[in-house]
Amino acid sequence: MKAAPLIPKWHKELELFSGIKPLLIMEGNVSDQYRYPVDGTIGQNEIVPLSAYLYSYFKDNGYDQVIFYSNLVGFVSPYDPSMLERFAALTETEIKQGAIPSEFKGNDANTAPNVIRRALGQQMAATVTVLEMASRYITTPERMDQQDVNSFNILLQSALSATTVRTVQGKKQNLLIVLVNKLNDLPTWFYLHNPVCKSITLEAPDREERKRILTGDSFATFFSGTAYRRDMPFYEEHPDELERIKEKFVGLTEGMTFTELDEMRKLCKSEETPIRDLCKIVDLYKYGVKENPWSTLSLSSLKTAKQDFEKRIKGQDTALERTLDVVKRAVTGMNGINSSNTGKPKGVLFYAGPTGTGKTETAKALAEKLFGDESTCIRFDMSEFGQSHSDQKLMGAPPGYVGYEAGGQLTNAVKKNPFCILLFDEIEKAHTNILDKFLQILEDGRMTDGQGNTVYFSECIIIFTSNLGIYVKDAFGNREANVTMDMPYKEVQDRVRSAIEDYFKLELGRPEILNRIGENIVVFDYIRPEAAKLILKSQVNKIIARMAEQKNIRIRIEDHAYAGLEEAATFDLSNGGRGIGNQVESLMINPLSRWLFDHEIIEDADLVIETFETASNPPAIRCRLEGGEA
């Protein structure tokens, strides 16, 4: 039994309003190709440009002529030249080299708006005039000169006085159709509160339309004849497995146009892709890579990830467990399994907690574990994006604005390396315009940059960090501590999470942002004394190892000297691990470098540190060479 045609929503609106509105503005996905849903001038299910679609639709519905205009070539009739001849006669214009040349603005009687006025006002032939690329007729609606205004005024008057023509299929209203990328590419007064105007939005193909591409004979066109004949017998015996592959492909292509889907079909066929690897063609098309790093991750290495992380991040067991849960969901394909959109980022984490507790270090460690290199953790300091126009720095400026050619910092980074960790530090300092952009990224996993290119975030893990919840404002607006080191971790966690929720819901009034993050708020604990000792030991051992490796200077620290260093370096833990690092620099690195310089020791030495004189100003160190004097 033949499947019923799938009629897109915009086609139904075209059917409804073309009979009652003489001015239709079609906006959105107007540069795409479309599958013609009914038998007629062109074959059912044939994929054609929108112009061919409109020509076939109106010809099938009894219109005598369908004429297309652009300010580059004038009026043309690419699908039936005889229509242009009759149009020229009706509008008293002249054809030159297959077109009626006509400027969009000017004082001539044969400018495009004046020709359209004559076409809409005549009663000899039911006529549809389609203005293509109408977004490019003027610079912007805000920069219109008087001739621009006059041109649109004439078009408006033409629509208001459009006539009806008798045809063999009944009365037909002369129509003006305007194709634009965005409705606001046109002057607002042209369409707002205009009783004869209707705007119709063309969206990218929805789930059902994308699924229809993989049904019947159309599915076979994705594969070479050899691959299809070789693989299909197995899937005929295992239809559930074939359905799983198709469903995954449909999910991964969320937001893609018919043109892109058709290009993927051709790519899949030329690469002689087997049916089982249909979904890999999406990665090849989006990112230009055949091997997705996520698919090559070693499960055995991830099993030891927590122990590896603990070598770098101390005292954060709960935070590391929560982080690895997100990674395990991504690796097993369980991320977003409860959502209809499979194009979302691989994972989203919101790191909160006191300063210096390992939030940034955890993101770097995660990048190294997943992708083998810390540099795949791309950090953005959101304090630099606090202005209303800062979203252009991240996403790229729109056409005509300064910096358009350079693109955006975020979109450029993801285009260069789509398999990465995106770290947004101190997210609360970003302007709300940027938070709006993040909503789309978190929900759809994609973003269109200022140059019109689609950037995909579906292979990224996105991490936000914040110090929200450490301090809150009292009834008088004064800043006071919300959590302290003497609180147990559970209380710190509950208080910080509650303060973050209040911030997004009450202060920002944006609970939808919090909903996108979900339960992935990870609260880092204060650096407790035991963790502080481990951090200090790790940093001291790193210094000793590097001196031995780079300078061949072997250092040993007396036990009582180390005890003094430990007491001084961990006395104040209010600045977390970063504070310990500052103390190590002040109490060990600086005085040790002075001692080596004063004793003219550059390399090849065995050194014993006897005492850290932490109370002196500046801090000093007492050392001796093995077998020598101090």
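Values for this structure:
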item: Residues (over 31 Å from the mean Cα position of the chain (by Cα) and under 23 Å from Phe68 (Cβ atoms)) located in segment 163-190; result: Thr163, Thr164, Val165, Thr167, Gln169, Lys172, Gln173, Asn174, Leu175, Leu176, Ile177, Phe190
item: Condition check for Glu600: assigned to a loop (DSSP other than H, G, I, E, B) and surrounded by fewer than 17 Cβ atoms within 10 Å (Cβ to Cβ); result: yes
item: Hits in segment 228-246 (condition: surrounded by 15 or more Cβ atoms within 10 Å (Cβ to Cβ) and either within 24 Å of Gln33 (Cβ to Cβ) or out of contact with any Pro (no Cβ under 9 Å at 6 or more places or on another chain) (or both)); result: Tyr228, Met232, Tyr235, Leu242, Ile245, Lys246
item: Criterion: crowded, with 20+ Cβ neighbours inside 10 Å and in contact with a Ser or Thr (Cβ under 7 Å, 6 or more places away or on another chain) - qualifying residue of Leu587, Leu573; result: Leu587
item: Counted residues, segment 502-521 - those being in contact with a Gly (Cβ under 9 Å, 6 or more places away or on another chain) and closer than 22 Å to Lys344 by Cβ; result: 1
item: Selection count where residues are within 11 Å of Met26 (Cβ to Cβ) and surrounded by fewer than 19 Cβ atoms within 10 Å (Cβ to Cβ), scope segment 169-198; result: 2
item: Residue that is nearest to Thr164 (Cα to Cα) [pool: residues in segment 54-92 that are β-branched (Val, Ile, Thr) and out of contact with any helix residue (DSSP H, G or I) (no Cβ under 6 Å at 6 or more places or on another chain)]; result: Val76
item: Search result, residues across segment 284-295 that are in a helix (DSSP H, G or I) and touching a residue at least 40 places away in the same chain (Cβ under 8 Å); result: Lys286, Tyr287, Pro293, Trp294
item: From the options Gly62, Gly19, residue that is at positive phi and touching a strand residue (DSSP E or B) at 6+ places or on another chain (Cβ under 9 Å); result: Gly62
item: Residue list for segment 616-630, restricted to those being within 18 Å of Asp559 (Cα to Cα) and either of a type outside the set (Val, Ile, Thr) or not in a strand (DSSP E or B) (or both); result: Ala620, Arg622, Cys623, Arg624, Leu625, Glu626, Ala630
item: Contacts under 6 angstrom Cβ, first residue in segment 603-620 being under 16 Å from Glu585 (Cβ atoms), partner of a type in the set (D, E, K, R), 6 or more apart; result: Ala620/Glu613
item: Matching option when the condition is buried (at least 19 other Cβ atoms within 10 Å of the Cβ) and over 14 Å from Phe385 (Cβ atoms), among Ile463, Ile427, Ile434; result: Ile463
item: Strands (runs of 3 or more DSSP E) wholly inside segment 10-103 containing at least 1 residues that are at pLDDT 95 or above and over 20 Å from Leu183 (Cα atoms); result: 65-70, 74-76
item: Residue check, Ser498 polar (S, T, N, Q) and in contact (Cβ under 8 Å) with a residue 40 or more places away in the chain; result: no
item: Which numbered condition Ala561 fails, given (1) part of a helix (DSSP H, G or I); (2) exposed (fewer than 15 other Cβ atoms within 10 Å of the Cβ); result: (2)
item: Residue list for segment 480-495, filter: in a loop (DSSP other than H, G, I, E, B), free of Cβ contacts under 8 Å to residues at least 24 places away in the same chain and under 16 Å from Ile521 (Cβ atoms); result: Asn482
item: Selection count where residues are out of contact with any helix residue (DSSP H, G or I) (no Cβ under 7 Å at 6 or more places or on another chain) and either acidic (Asp, Glu) or closer than 26 Å to Arg329 by Cα (or both), scope segment 439-459; result: 7
item: Residue match in segment 130-142 (condition: part of a helix (DSSP H, G or I), without any contact (Cβ under 8 Å) to a residue 40 or more places away in the chain and out of contact with any Lys or Arg (no Cβ under 6 Å at 6 or more places or on another chain)); result: yes
item: Residues being more than 19 Å from Arg117 (Cα to Cα) and touching a helix residue (DSSP H, G or I) at 6+ places or on another chain (Cβ under 9 Å) - total across segment 165-182; result: 3
item: All positions within segment 105-121 that are modelled with pLDDT of 95 or more and in contact with a strand residue (DSSP E or B) (Cβ under 9 Å, 6 or more places away or on another chain); result: Ala112, Val115, Ile116, Ala119, Leu120
item: Criterion violated by Ile378 - all others in (1) modelled with pLDDT of 90 or more; (2) surrounded by fewer than 22 Cβ atoms within 10 Å (Cβ to Cβ); (3) not in a strand (DSSP E or B) satisfied; result: (3)
item: Residue match in segment 384-391 (condition: assigned to a helix (DSSP H, G or I), aromatic (Phe, Trp, Tyr) and modelled with pLDDT under 90); result: yes
item: Qualifying positions in segment 123-134 - surrounded by 15 or more Cβ atoms within 10 Å (Cβ to Cβ) and out of contact with any Leu (no Cβ under 8 Å at 6 or more places or on another chain); result: Ala126
item: Criterion violated by Asp145 - all others in (1) touching a residue at least 40 places away in the same chain (Cβ under 8 Å); (2) farther than 20 Å from Glu27 by Cβ; (3) surrounded by fewer than 21 Cβ atoms within 10 Å (Cβ to Cβ) satisfied; result: (1)
item: Tabulated pairs, segment 50-78, first in the same structural domain as Asn29 (by TED's automatic domain parsing) and without any contact (Cβ under 8 Å) to a residue 60 or more places away in the chain, second part of a helix (DSSP H, G or I) and acidic (Asp, Glu), C-beta under 9 angstrom, 6+ apart or interchain; result: Tyr57/Glu15; Ser77/Glu85
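To keep it simple, each residue is scored yes or no on (1) touching a helix residue (DSSP H, G or I) at 6+ places or on another chain (Cβ under 9 Å); (2) of a type in the set (S, T, N, Q).
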position: Val522; (1), (2): yes, no
position: Gln550; (1), (2): no, yes
position: Leu565; (1), (2): yes, no
position: Gly577; (1), (2): yes, no
position: Phe597; (1), (2): no, no
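The values are calculated or read from the model by the stated rules, or taken from the named source; none is laboratory data. What you are looking at is a predicted structure, and each value in this text was computed from that prediction instead of being measured. FYI the Cβ positions are ideal-geometry reconstructions off the backbone, even for glycines, and counts take in every protein chain you see.
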